[in-house]
Each structure stands twice: as C-alpha cells, then as structure tokens.
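Here the structure is laid out as structure tokens; the discussion comes afterwards.
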2 protein chains.
Amino acid sequence: MPDLNALLNPRTIAIIGASPDETRLRGMLPAVMLTHPYQGKIFPVSRSHEEIMGHQAYSSIAGVPEPVELAILAIPSRFVADELGRCGEAGVKAALIVTSGFAEESGECGKAVQQELAEIARAYDMAVLGPNSEGFANTALSIAATFSPAMMAPSKPMLPPWHVEGRVAVVAQSGAVGFSFFDVGREKELPFRYVVTTGNEACLEIFDLVDFMLDEGKTDIFLLFLEDVKSPQKFKAVAEKALRMGKPLIAAKLGRSQAAVRAAASHTGALAGRYETYAAMFAHYGITIGDSAEQMVDIANTFLANLDRLPSGRRIGISTGSGGAGAWMADACAGEGLEVPELDADARAEIDAHLPTYGTSQNPVDGTAQAIREIGYAELARLVSLAPNIDGLVMVASARKKNGFERERDNFFKLGQSLEKPIACWSYTLPHETSVELFAEAGLPLLTNMRNCARSMAALADYRIARDGALDASSAAPEPNTNRAKAEKLVARSGPVLCEYEARAVLALYGIGEAPGGLAKSADEAVAIAAEAGRAVALKIQSPDIPHKSDAGGVALGLEGADAVRDGYDRIITAAMASHPDAEPRGVLVERMAPAGVEFILGVNRDPTFGPMLLAGFGGIHVEIWKDTALAPVPLSQFSAKALIGTLKGARILEGLRGAPPSDVDALLETIIALSQFATDFADEVAEIDLNPVIVHARGEGVSIVDALIVKQR
Amino acid sequence: MPDLNALLNPRTIAIIGASPDETRLRGMLPAVMLTHPYQGKIFPVSRSHEEIMGHQAYSSIAGVPEPVELAILAIPSRFVADELGRCGEAGVKAALIVTSGFAEESGECGKAVQQELAEIARAYDMAVLGPNSEGFANTALSIAATFSPAMMAPSKPMLPPWHVEGRVAVVAQSGAVGFSFFDVGREKELPFRYVVTTGNEACLEIFDLVDFMLDEGKTDIFLLFLEDVKSPQKFKAVAEKALRMGKPLIAAKLGRSQAAVRAAASHTGALAGRYETYAAMFAHYGITIGDSAEQMVDIANTFLANLDRLPSGRRIGISTGSGGAGAWMADACAGEGLEVPELDADARAEIDAHLPTYGTSQNPVDGTAQAIREIGYAELARLVSLAPNIDGLVMVASARKKNGFERERDNFFKLGQSLEKPIACWSYTLPHETSVELFAEAGLPLLTNMRNCARSMAALADYRIARDGALDASSAAPEPNTNRAKAEKLVARSGPVLCEYEARAVLALYGIGEAPGGLAKSADEAVAIAAEAGRAVALKIQSPDIPHKSDAGGVALGLEGADAVRDGYDRIITAAMASHPDAEPRGVLVERMAPAGVEFILGVNRDPTFGPMLLAGFGGIHVEIWKDTALAPVPLSQFSAKALIGTLKGARILEGLRGAPPSDVDALLETIIALSQFATDFADEVAEIDLNPVIVHARGEGVSIVDALIVKQR
C-alpha cells in the first residue's frame, strides 16, 4: 500500500506546471496555497519561469534540491503519464493530478491513459490522487492544495480557533461539491481536518482515504460524496470498520435520477450503479444519507456534539421561547419519524414552577419570553432534558441578538458538557456571530434549518440502532449449510435456467421451502399423484423455456377428482405448447394447493457493483403499485433480516389485518436467512433467483413457495 | 369593515404603555420603532413619564393633541379592554395589541376578555390586530411597530435599495415565526412590503389582511403562517381571489403532529383542525405548502422572478460549471417530481460548439470551468433555455468570489429580462454579497439550498396548473340538481341514519349509483325477487341499527336458486338478530351480484372548519395500509374531480393492470361530481356519507355502489 501520509501530510510539495498567471488553474493553485500558512516547503517546477510568486522554480522534478514527498501535477493531460513516471524516478512518494481529460473524455483514449497512470503509480508505489481532482486541504498543516474558490481569500482560519484539532473529513469525488461542504460547514464552525477530492480515482478511491483516516485516529465524522464505488469489497470492509469504531459516515450518492447517471458517466467516468442498491448498502452499514451539503453539515455538527450520548429512542423534548416556532419544530420532528410525547407529570411540575400562566410544559415546552428572561434558555432546556420519557432534546431559540446569550454562557457550557441525552439547537432567526461562536465553543450544535435539525436527531437514532446491531450477537452471519456440496452438484448438472421443480429441489436442501411435489409425464401419472395428495391440487407446466407459466396457460388450480386432473393436464399441455411451440416440457408438477396466507415475494439479483442483493416484499398489487420492497446485501443475520422486513411499509399486514390471523414471521425470517446464505454460497454461479409468490401462512404453519426460478450466470 | 389602511399605513401612532426600560417589551417596542426612519408622528402615552426616548409623552390617549390613526397597546392584559374603549372614544381608527394573556391562557376568563375586545372593536369600527401579536412592519413607510429582535439594530434598510417598492407580504399568526421570514428573507434580498403578525386574531384574521393587500394592489407574493383558520368562508373567497389574480400564496400550517396541535391551542388558543383537510384546501386553491422559513423564502424569490413566465410543464434544463454539482441538482429535481430530459439534438449542437471534449451538452449541461471562462454562465444558461424540450431552467454556479460575475453583469441583466422560461440559480458555495446583489438586481433568484431550488421549480409548475384550472371552463360548478326537492323530502322523512336501501334511493335521485333492488320482508319475497333478477344475487340485512352488515353476519353473497336464497335469508336474519338483538330490521335487500371491477371508496365528512369534504380512494388494502385517499372541498368541477383522482398513487390501477381492462373513469368522475353536489346541497342536513365499496367496472359499464350509509346531523 502506498504512503497516504506523504499525500495528506507532506513536508515538501512540488507544483509541476506552476504558473504566475492566476487566471489559469496552474496559477490559481499556487496562489491559493500561498494564502494559507503552510509550514512545509513548496517547490514550483516550471520550464518557462525561474521564480513563481516569490518561490524559486525548478525546470524539472529531478532538479528539485530536496526529497519531494508530494508532487502536484497541473500540466496538460498528454504530458501527465510521462511526468508521473519522472516523479516516481525522482523518489516522489505521492502525487495529486488536477488535470482533466481522462476517463471522463468521450472515447477510449482517456480511459487507456488513466489505466497507464494506475500502472505507473503501482510500479513506484506512489499514492496518487486524481486525475481530474480539485485537490485537497489539510487544516492541521494549513495545506490548501487546490484551485477551489472555496479556499481562496479566506476571511477566517481553516479551523475555528477553539478547536485544537479538526475532527471532520470530507472525501468527495466531485471537487466543486467537496469544497462546498467546507465552504458551508466552516461558516457553521464545523472543525474540518481534511477535505479530499478524488476525481476520476485512477488509483486512490474514497474508501482508501477513509480507511487511512480511521487508522490515523484523528477523524470522528466523515462527509462523503460518491458518484460510484469502484471497489465494493473495500467499501464493505471500511464501512463496517467505521461502524464498529463508532465513526459516522454521512454520505450522498449521485444517481437517483437517470440524468445524474448520465452526468456522472461524463463527469468522472463513473458508472453510477443502481441508486436503490446503494441506499440498501448504506442502510446496512448505518451510513446516514444526506440530501444537500447544508443538511450533511448540520447532521455532522449534531453528531459531533453527541457522539457520546446517542439516543436510545425517537422521543424528543422541545424547549422554546416561541410557541409558534416550537410547534412548527414539533411538526418537523413528526415529519422525520420522531415522536414528541407529552412530558411526564413530575417533569412538568418541575417546569411549571417557572412558567407564566400562558406558557405550557406539555411538550413542546413553551417558556414564553417571560420564562426565558427569568431562568434562561439553557436552564429551561436542562429541565426538559430531565423528563424520563424523552430520548433527545431540541432547543428552539432566537440567536439573532449580539451577545444575546452572554449572560447564560456558563449555563450553556455546563449544558454541553453534562447533558446525558443528545441535543440540537435551532435558531429561527439568523444567528449573530457571537451566538454561533458561543454555541460552537460550548459543544452545542446550532442549526438554522428546522428540517435539518429534526433530520439530524432522527439520524442519531438510526445510527444508534445500526451500531447496536453491528455489535449485537444476533448480527452473526448464518452457519455454513451442510448441504452445500449436494446443492452445488444439482446446480452444476442443470441447464442455464432451473425451472420450478429443479429450483425448489435445490433450495429445499438449504431449508428454503419444501421439496417439490410429483412431476407427472402423463395425464395418468398426474391423476395418480393427485390421488395420493388427497385434496385439491395445482398443476404447473415445467420447462426452463417457459418462465411465465400462467401467461402461457400452463397452470391449473384447485382441481379435485380424476376427471378434473386429467382435463387440467391436457389443457395446460395444449395451451403451453401452443404458446411456446419450441419449448421442451419436462412434465407437469402436481401439488396440493397451498393454504391461504399473505402473498410475499423473495428474490436475489446481482448488482454489477455489490454482487447478490436479496429483495423481499409483499406480492401482487403491493409490488406493482407501491413498490413496497426492501433490499439488502447477503448474507443476512437474524438482526438484519428482521430490520429488512421492518422497513416494509406493509409490515403491519403480517400482524393480521381485517380479521386475518398473524403470519408466521419466524418461518419467513428463516426462509430469508437461508436464501441469503444460498445466494452467498452461489454468488459466482447464480445470476438471479425469483420466489414469487411465497405464501406466508398463519403463525406456526410456515411458508409455501408456490413458484421458483433460478437463472445461472452465463 | 374597519379601516385597515389606518392600521398598516398610519400617519400618526400612539404607543400606550410606552416605557424607557428597554429590557421590557413596552420599552423594546418604541426603541425598535425609533431605529427606523418612520416619517409619521409618534406619541408615547405613559402615566409615569413625561418624555420617552426623546418624544413628549401624554398621560392618556384622550390627551394626545392630534388625531391618532393607530394606537399600540403595550399594557397589562387586565387594562386592555378599557383602554381599547378609550381609544375608540378618542376616535382612534386602528389598534395593535401586543399584550399576552388572553385566549391562550388556561381557563375561560382570557377567552371572555378577548370576546369583549372584539365587541369594542366592532362598536367603534376599529381595525384591531392581536392581542398577543408581535406587531407588524411596513417597509414603504419604515414602520417597525414590533419588539421583534429581527427588526432591532438593522444593518441594512428594510427594503433592498434597488427595489422601488416591496412586493412580498408576510402574514403570520406567530410573531416569532412571522418576523423570522423577514430575517431570513432580507438576507436573501427579498423585497418585503409588509410583515404582519396576527396573534390571537380576536378581530382581524390573516385573510382579512391578505384581502386588503390584494385590493391595495402592491403585493404580489404572500408568505403565510397559519395555526388555524377561524373564518372558512373568508379563507375560500380570498384564496380564490388571489389565485384568479395570479398572486401566489405560500403557506405553512401548524398541526401535522399531535404535539403541534396541543401547542397551537396553548399558544394562540387556535384549534388547529385536521392537517389533511388544510392540505386538501391548499391544493384546491393552488396554495404552495412550504416546510421551513428558508424554503418559503426561496420559493417566494423564485416566484417573484418568474410570475410572468410560469412553466408549461415539469421538464428542467440544468446548466453548470461543475459536473458533480449539476448531477446532484438533477437528482434533487427528480426528488421533487421534475424531469431532466436529454436536450434535443439541435440545441445540443449549438451548445457543443462551446464545450471542451470533457464537457457535455446532454443535460445537465456541464460547460466545465473552460466554457464558463469563455462564454460565461449567463450565455451557457441562455443556450440551454433555447432547447424546445424544457419548460424551465436551473443554473448551477459558484457565486463565492467577490465580483465573480461582474464581467457578465450585462448578460445577467439581459437574461433576467428576456428569458421566456422560468429560471432559478443555485450557488453550491456561499455567495459573496456582490453576487447576491447582482442577481437580485438582475431579477434572477439566487438560492443556496439545492433542494429548495428544485422545490421552487416544482412549485411554479404546480401553481401554473392550479391557476389554469381556476380559469378553465371545466372548473365551473356542476349544474343544480333538478331532483333536489325530492331528495330533501326523503332525507327529512328518514331517521338519523339512512341505511343502504334508503341512502341509495336518495343518492340515485342525484344520479349517484342506481336505485336499490327489492326489499324482501320474508324468505318467500326474497326468492321471488331473486327469481326476477335472474342470476346470482346478494342478500343484505337492512337496518339503521346495523351499520356494519358483514361483521354482523348480515350479508350473503352469490346465491343461486330458490333454496340457496331461502337458506341465505334465514341465515342472515338469525345472525343479525343474534349480534344486534335490539335492532329493528327493515328487511333484506335482494340484488344481482355486481360484476367485477376495481374496488373504490367514496365518502363525505364534515370538517369542523371547512364543512363537507369529499374523500375518494382505492378500497381494501389500499386504504388500510397505504391510506391512498384524496380529499377535496365540495362541490367539485370536472377539472377538480379529475385532479383529485390524479393525486391517488394507485391511479394507474384504473388504466387496467395485470391484464385487467381499463376502468370506467368517466362514470367514476360523474359519480364523484354528483356526490359532491349532493354534499353541497345537504351540507346542513348530512354529517357523513359512506359509499364503500364502489365497484368501478370496465370502460362503458359504469360503477356499482355496493354499500351506502348516510348519517344526518344531530
């Protein structure tokens, strides 16, 4: 592994292609760097200038008189590969390539050159960022190796002065977006450590950087902006590591829209992949999804103040000096799935002692201007936090007055330190700088966006659940299946598509449904099998060439008696052959009709990035109209299988609606876990599995898989 | 009607209870007022001071030497009523009561005093704002009659200097929230005309003020914050007037959560009412719902710039200098239901001429830093706007650099004036003041929140549809029903609950379903009626005491032949009597089984504020799990009935899914319109109507109402 320390914490930096012309990127970059008090050495490399912005320039990297840790390449794309090689030769340990025009170019040429860059980096074991990167910043060393306008002419130091060290990192594929996080977040006093923009990721990817920063141990919160994930295994390992370490990842992923998918491809050559799969992966690893830079910065601010006091539930207490603003916040909380319960009676009595008759302690606790004047915002918030039936606190205030909170300074510091429940503060007016600083110093997140405030509290609760889950015993992967070898033989022996009776035979080895009924090759055989079944039967044509049996007229249901079965047999053979004249029918599956239950679907599909993903959902109209399905990577633990079912909007159906009995959820979970294990074991062989429908019977009566299909990989 | 002009545009103002103590509201108010250059006269009225903040004080309102147009009352609540009377006697035309402690007090006393205030106001024909109001501001006259911190120590004039006149009004029940709109919006250069906070609304309500401002003709956009609506007829009339005049209302309504409903009651004594009803009313009148002050301000800014060029669709073109930011915006647009189509080929060719090879014209159009340097942001945006297959434009830029757009100044002004499609601009970095001012002067909305930017464009599109609808002929109310008198007789004659056969007989007069089948009083009669029906029949017990027939065992379906009908009759009579021993059965309804179709529900419920509201939705599991219902005020025009059905998420079901035929939507619409007419005509007599289920048959085959119930008002 190359030395990322040389990249991010270099003592010497060469700028290859540096120019004094500040209207061009190669001039803007050194100009921006030099406005920050970096203590290391900077060596411009230029063929046309002997001095650039007061620094002696050298005509080649080889000519720089000291060992260079980081080289920044700001030269036309056609020269980049050779120059990178020369850097390697010169012993440079890391490189940042800001030049554009590689994989994001139309045509194949750019991709090929990018490939070459990767090989050169590997050959010299160099840590290479880019190409098409907007650079990076390191607040600890005051490095702004970028031409980003967000780092130009800074009016404030990179790090708010009361923070000894930065604790937040931005790692983003897009340079403009990456630095916009800094721009928006610095204004809100967020203590950044790193801002790194990875561009086309020819070598280093986002999760290489996150991994390095986790190991380095200085960064507590990560803001990520992804166009794609190039190395899914790295993503999984690093996301899991961050979750276990309790270092939240807050991410946005491009590609909810087709337009963004198109754009990502042309922008950094990224293949955006299915957004739904990413959302499922994020949920699985407790990664908070943000919808804008402001929101992500606000969530980071809230996490930062509350990492040691994550909420154990979703019940929020709201303290306010304005009834209208407090009530609006209650609505915003409800909109984010939080609860705002009436406070318990003892807590209310404590609070009531300080309220005028036109205030209220119910929750939101409206102290009115009067109580605020008397006991103050901080004390009111503290009293609300003591109510046993809340898990977190939102303080609503107006922070607009200069030094408006000064008389409460000590109380706010105490509040920030001693609160045992998480807190977020919302100012419904634009806060004065003095308030922003006071809150930041006191370790209290001061947000100006009501909705983000509610969203942040919900994100804390979600993160707590995901993290508890990751550390919980029920999150262990399922046991290896003892029938794996047998199943492998069956799969190897079969054709490219396993139709129902084949698929079910394989799946039954893993405990997924029961083995199929009898396969009849003639009407007589069908009658005999039906007689043995002893009640109404279903007949289903079996052929790998007829995946949609019902559409082909290949299914007959509820047949009783020899005549009905015989008729049914003839009818479906005739219909199926009429619709699929070239199909090779293997016979007709004869089975007892499945008893009633809730219609479910289970499936496995290979995501091009993340491999097999398990899909679960309610069948019929639910999937058709409501898309009420949930997705997760395999294998699934008991914990994640439960969580998966819990995210379905129709989950209540399984409890029994309109007089229906509760469903056998345990059997459903077992089936899901076993299917996830099967999908994991056969990740290389199987492209797709469809179990549709799966009938979930009443509690204690299991599930029936009524149709199944397995498609092998080509 | 009292003189609102005296309230909002007074030439003389008395401050009753004024004090020099700026730590108290009665001292803050004059202090805030005097920091603004109001040109009228201010008369403090005080019993304890002869002079306040440089102004001579008077010991009573009667002692003020000139006619007072507006009196501001900042005295303890127990003195307010008498003082208001004295103001009336003294010929004061308008009053603002900032004192708290009226209807928002626990107990009845405060409400009674508030009632008294209303009577005094009426007696003297005074325009009275409050009590419990935080006051108001009028930027045209530099009046800040408020103690709001948002109006203290202003660093800028109330109105941005390049706006000759304010065009935006805030009218809010909550004072803190009302002035927070100003605080947030002034920073974004929004040209406010009025900020009015109505408090407890003892006399003047939000829509009185909106109505005055519409008539005055100076205000183009309204930002409203509602806790409740006290006069629904006024709301309807003013909302309709605003829509027809093309003056958008952007509103937030408290009460999505139970906590907010509790809070509103204790805060201004408001009865928040059902949020869903409000949302339906807002949709009906084209009122945009906002989720935060920032969002509402951003939407207002976007409307302001585009009132004359509302979009004719939801297709957005995006121009950008950053690929990542542009793609993220595309995702945000998709999230708000907008489309970002690939631009048409000719437009692309025009644009491609200016792009480097690593840019793209597909949409988002990524000019990259290079094209921005060469042709500029404004020109790139203009080129994108010319694509025929987009309806609106989002320009993505970084506005962070001081004077960063100066060289494009003329182009931006041209863009603001000559664009024929609406535009919103998003800066992904915090904009420099110079950029904020340039864009505001050029008439281009510059937003910093990506999501709000997308939301704003969607709001323009929604508003255009609602307004076109209001002006469209198909929005005419339905014709009066000629059978109204007959129906009135039937309703008058019946008991408090009309069971199915009675309800359907009444409804059939309005063309809502067919008249019911035969009512059998004995098994023999049932057999005879069934024989005449000539195919399988349903039997249904009829009794006003058994509203849930199926639960009571009072329904038998699909009976064929005399024996089955006779058995069925006996069975349901026995079961129904067993479950409801005291019920008075009127007989058993015998009807042909309704043919298959889509299960729908229709209903009418009285909202305590707005009266009868019509509910439509898909039946069964759809309503149970998905709450897929839509609500609208009655009567419904053809246009609004169609719009109502269109808002159902399952609307696609009516097109025919999974091989089902398309449904008879025309018949469904006719039924809905007729039901809405019935609900209007019987608004005073009928409390509730339930048609559940209504079976919508295949196109051309109408609908069947399979069960019906009407509950009269008590």
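The values are calculated or read from the model by the stated rules, or taken from the named source; none is laboratory data. Quick caveat: nothing in here was measured; it's all calculated off a predicted structure. FYI the Cβ positions are ideal-geometry reconstructions off the backbone, even for glycines, and counts take in every protein chain you see. Each accessible area value is taken on the protein alone, full model and side chains, heavy atoms only, with ligands, DNA and RNA left out. Shrake-Rupley method; radii C 1.70, N 1.55, O 1.52, S 1.80 Å.
Looking across the stretch B:320-335, just one residue is more than 7 Å from chain A (Cβ to nearest Cβ) and more than 35 Å from the chain's Cα centre (by Cα), and that is B:Gly321.
Let's see how each residue does on (1) under 18 Å from A:Leu519 (Cβ atoms); (2) in the same structural domain as A:Ala530 (by TED's automatic domain parsing); (3) hydrophobic (A, V, I, L, M, F, W, C):
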{"position": "A:Lys549", "(1), (2), (3)": "yes, yes, no"}
{"position": "A:Gly554", "(1), (2), (3)": "yes, yes, no"}
{"position": "A:Leu557", "(1), (2), (3)": "yes, yes, yes"}
{"position": "A:Asp567", "(1), (2), (3)": "no, yes, no"}
{"position": "A:Ile572", "(1), (2), (3)": "yes, yes, yes"}
{"position": "A:Ala578", "(1), (2), (3)": "no, yes, yes"}
{"position": "A:Arg586", "(1), (2), (3)": "yes, yes, no"}
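With respect to the numbered conditions (1) without any contact (Cβ under 8 Å) to a residue 12 or more places away in the chain; (2) aliphatic (A, V, I, L, M); (3) in contact with a Cys (Cβ under 9 Å, 6 or more places away or on another chain), which one is the sole condition not fulfilled by A:Ala334? The single condition A:Ala334 does not satisfy is (3). Across the stretch A:645-660, the number of residues qualifying as surrounded by 15 or more Cβ atoms within 10 Å (Cβ to Cβ) and in contact with a strand residue (DSSP E or B) (Cβ under 8 Å, 6 or more places away or on another chain) comes to 6.
Only residues that are over 16 Å from B:Phe678 (Cβ atoms) and hydrophobic (A, V, I, L, M, F, W, C) were counted across the stretch B:493-524, and they come to 5.
Can you pull out every residue in the stretch A:561-574 that is without any contact (Cβ under 8 Å) to a residue 40 or more places away in the chain and either basic (Lys, Arg) or farther than 15 Å from A:Ala523 by Cα (or both)? Within the stretch A:561-574, just A:Arg571 meets the criteria. If you go through the stretch B:152-176 and pick out every residue that is aliphatic (A, V, I, L, M) and surrounded by 24 or more Cβ atoms within 10 Å (Cβ to Cβ), you end up with 6. Taking the numbered list (1) within 14 Å of another protein chain (Cβ to nearest Cβ); (2) open to solvent by 30 Å² or more (accessible area, probe 1.4 Å); (3) within 12 Å of the chain's Cα centre (by Cα); (4) modelled with pLDDT under 95 in turn, A:Leu254 passes all entries but (2). All of (1) more than 14 Å from every other protein chain (Cβ to nearest Cβ); (2) open to solvent by 60 Å² or more (accessible area, probe 1.4 Å) hold for A:Arg407 with one exception: (1). Return yes or no: is B:Ala145 touching a helix residue (DSSP H, G or I) at 6+ places or on another chain (Cβ under 7 Å) and either assigned by TED's automatic domain parsing to the domain that holds B:Glu201 or within 22 Å of A:Leu430 (Cβ to Cβ) (or both)? Spelling it out, B:Ala145 is indeed touching a helix residue (DSSP H, G or I) at 6+ places or on another chain (Cβ under 7 Å) and either assigned by TED's automatic domain parsing to the domain that holds B:Glu201 or within 22 Å of A:Leu430 (Cβ to Cβ) (or both).
Sub-6 Å Cβ pairs linking a first residue in the stretch B:619-641 that is open to solvent by less than 20 Å² (accessible area, probe 1.4 Å) to a second residue that is modelled with pLDDT of 90 or more and among the β-branched types (Val, Ile, Thr), at least 6 apart or interchain, are B:Gly619/B:Ile601; B:Ala630/B:Thr647; B:Leu636/B:Ile673; B:Ala641/B:Ile672; B:Ala641/B:Ile673, ordered by first then second residue. Taken over the stretch B:618-638, the criterion of being in contact with a Gly (Cβ under 9 Å, 6 or more places away or on another chain), assigned to a loop (DSSP other than H, G, I, E, B) and aliphatic (A, V, I, L, M) is satisfied by B:Val634 alone.
Go through the stretch A:361-399 and report how many residues are part of a loop (DSSP other than H, G, I, E, B), open to solvent by less than 10 Å² (accessible area, probe 1.4 Å) and free of Cβ contacts under 8 Å to residues at least 60 places away in the same chain.
5
Within the stretch B:691-713, residues that are more than 22 Å from B:Gly495 (Cβ to Cβ) and in a loop (DSSP other than H, G, I, E, B) sit with their Cβ atoms under 8 Å from residues that are open to solvent by less than 20 Å² (accessible area, probe 1.4 Å) and among the acidic types (Asp, Glu), at 6+ positions apart or across chains, in these pairs: B:His697/B:Asp664; B:Arg699/B:Asp664; B:Gly700/B:Asp664; B:Glu701/B:Asp664; B:Gly702/B:Asp664. Here the helices (runs of 4 or more DSSP H) wholly within the stretch B:153-245 that include at least 3 residues being away from chain A (no Cβ under 14 Å) and at pLDDT 95 or above are B:206-216, B:232-245. Looking only at residues in the stretch B:576-593 that are among the small types (Gly, Ala, Ser) and more than 13 Å from B:Lys540 (Cα to Cα), the one that is most open to solvent (accessible area, probe 1.4 Å) is B:Ala578.
The listed residues are B:Leu444, B:Leu393, and the only one of them that is in contact with a Cys (Cβ under 8 Å, 6 or more places away or on another chain) and more than 11 Å from chain A (Cβ to nearest Cβ) turns out to be B:Leu444.
Which ones in the stretch A:459-482 are modelled with pLDDT of 95 or more and either outside the structural domain of A:Gln417 (by TED's automatic domain parsing) or touching a helix residue (DSSP H, G or I) at 6+ places or on another chain (Cβ under 8 Å) (or both)? A:Ala459, A:Leu460, A:Tyr463 - these are the residues of the stretch A:459-482 that are modelled with pLDDT of 95 or more and either outside the structural domain of A:Gln417 (by TED's automatic domain parsing) or touching a helix residue (DSSP H, G or I) at 6+ places or on another chain (Cβ under 8 Å) (or both).
For the stretch B:336-360, give me each residue that is open to solvent by less than 50 Å² (accessible area, probe 1.4 Å) and either at pLDDT 95 or above or more than 11 Å from every other protein chain (Cβ to nearest Cβ) (or both). It would help to see each step written out before you state the result.
So the first thing to find is which residues in the stretch B:336-360 are open to solvent by less than 50 Å² (accessible area, probe 1.4 Å), and the list is B:336-338, B:340-341, B:343-344, B:347, B:351, B:355-356, B:359-360.
Selection gives B:Glu336, B:Gly337, B:Leu338, B:Val340, B:Pro341, B:Leu343, B:Asp344, B:Ala347, B:Ile351.
Whether any residue in the stretch A:126-143 is open to solvent by 10 Å² or more (accessible area, probe 1.4 Å), away from chain B (no Cβ under 14 Å), of a type in the set (Ser, Thr, Tyr) and touching a strand residue (DSSP E or B) at 6+ places or on another chain (Cβ under 7 Å) is what I want to check.
Applying the first criterion (open to solvent by 10 Å² or more (accessible area, probe 1.4 Å)) to the stretch A:126-143 yields A:132, A:134, A:139-142.
Of the ones still in play, those that are also away from chain B (no Cβ under 14 Å) are A:139-142.
Keeping just the survivors that are of a type in the set (Ser, Thr, Tyr) gives A:139, A:142.
Restricting the remaining residues to those that are touching a strand residue (DSSP E or B) at 6+ places or on another chain (Cβ under 7 Å) gives A:139.
Yes, the stretch A:126-143 contains at least one residue that is open to solvent by 10 Å² or more (accessible area, probe 1.4 Å), away from chain B (no Cβ under 14 Å), of a type in the set (Ser, Thr, Tyr) and touching a strand residue (DSSP E or B) at 6+ places or on another chain (Cβ under 7 Å).
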